[in-house]
């Protein structure tokens, strides 16, 4: 491993030690991760030689923490003036107009009469003229 890798390994160890992880657990973790044992030992020595910049432990609280009792919540009742009216949207099926237009019916009847007259005239044209 390069010197830069050992520095990075030492920094990772220092961060883990600040979180309270023991040196032995760290050593096993880095060995299981595939790091070289000599590099791990070097990094441990580097970390132990560095001045501890760890913040002093927080003072113990003067009063013991209070244990809170669970509270059973009741469902909230809605006042009559707070009720929200929900409007139901009724969708009616689209109705097709069943009454046909009067003028369209007249046009259809006239067209049928003209076609029938033309057919009869075509069939009997020779006998009439």
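Summary value for the stretch 3-49: 56 percent relative contact order, contacts being C-alpha pairs under 8 angstrom separated by 6+ residues.
Peptides 108-120, 12-24 ordered by packing proxy, namely the average of other Cβ atoms within 10 Å per residue, highest first: 12-24, 108-120. Shape annotation for the stretch 3-49: C-alpha extents along the principal axes are 25, 23, 13 Å, from largest to smallest.
Only the coordinates and a few stated rules stand behind these numbers; no lab work does. Since the structure is predicted, the reported quantities are computational estimates derived from the model, not experimental observations. Positions of Cβ are backbone-derived with ideal geometry, glycine not excepted, and every protein chain shown enters the neighbour counts.
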